[in-house]
1. For residue 225, work out the one condition from (1) among the acidic types (Asp, Glu); (2) buried (at least 16 other Cβ atoms within 10 Å of the Cβ); (3) without any contact (Cβ under 8 Å) to a residue 40 or more places away in the chain it doesn't fulfil.
2. For the stretch 30-78, how many residues meet the condition of being over 21 Å from the mean Cα position of the chain (by Cα) and not in a loop (DSSP other than H, G, I, E, B)?
3. Evaluate the following for residue 155: is it over 22 Å from residue 82 (Cβ atoms) and modelled with pLDDT of 95 or more?
4. How many residues are hydrophobic (A, V, I, L, M, F, W, C), closer than 17 Å to residue 25 by Cα and either touching a His at 6+ places or on another chain (Cβ under 8 Å) or surrounded by fewer than 10 Cβ atoms within 10 Å (Cβ to Cβ) (or both) when one looks only at the stretch 38-78?
Amino acid sequence: MIRKICYSDLALLSNDILKNVNMLIEHGADKVELLMDGDKWDQSEMLFPQISSKLKDLSVEYTIHPPAWDINLTSENKVIREASYSEYMKAIQFASMIGASHVVIHPGFCFSPVFDKKLAQQRAIDYIKRLCEVAKPLNVKLAIENVGYNGSSIFTQNEFISFLENMDEIAGYLIDIGHAHLNEWDIPQLLKDLKNRILALHIHDNDGTSDDHLPIGEGTIQWKEIFEAINELSSDCQLILEYAPRTSLEKLVEGKNLLQQNKGGMLVW
């Protein structure tokens, strides 16, 4: 069975939400990941009831990415932590309204070496456990993403692998290939170690120095072994092309074709 491919609307950031979804459908999206950043999402509580029915009428499925900028569950400022939790909670409720398969959760960042990463990890555990309590009755899965680079990640590779060991099964992993590359993680091994709990992948490329969200093959990531590891993942693992704002939508089409070029969704390079 050929895998369904999801497109993030990051490529169309800050444009009209429904127009974005329709454009992505026109370019072959089987699913759309809605990134809830930008002014179109400012009035979210008022927006949800009116937009949810319109989204459900479109011929596509969804995943949800809560606001990515200015959100940090492990911030040194408690007000920011609580506001971040509130935004994630609202995103989970919205996901339930439109039948989204999962909500992406960034466990947090340390933006200064002064701050204690073990404390940050504990804060992430505490908040994600609270979010699991919100998500489980709604049957919305939480996809915990590896985020941060240039020292801001709160995890080593081994710490991330063990992070969900004592977490409710409603939470799984989202492996961001680009972020893992920036942190010089062993990506094929990471996928093998976590394959039974990976919900999704964010697929994009970079040159190893900045989070450029380039199309596959336009950076320095070595894809052959990664594709081989992806072949071993469950067919339920969602492949999400997450390309930078203003990337040509034809690049998403090319990415989808690359991911589906063999029978059964097998990947080759």
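The values are calculated or read from the model by the stated rules, or taken from the named source; none is laboratory data. Here the structure is a predicted model, which is why all the values come from computation and not from measurement. Cβ: placed from backbone, ideal geometry, glycine included. Neighbour counts: every protein chain shown.
1. Looking at each condition in turn, residue 225 falls short on (2).
2. Residues flagged as over 21 Å from the mean Cα position of the chain (by Cα) and not in a loop (DSSP other than H, G, I, E, B) within the stretch 30-78 amount to 9.
3. The answer is yes for residue 155.
4. The number of residues fulfilling the criteria is 1.
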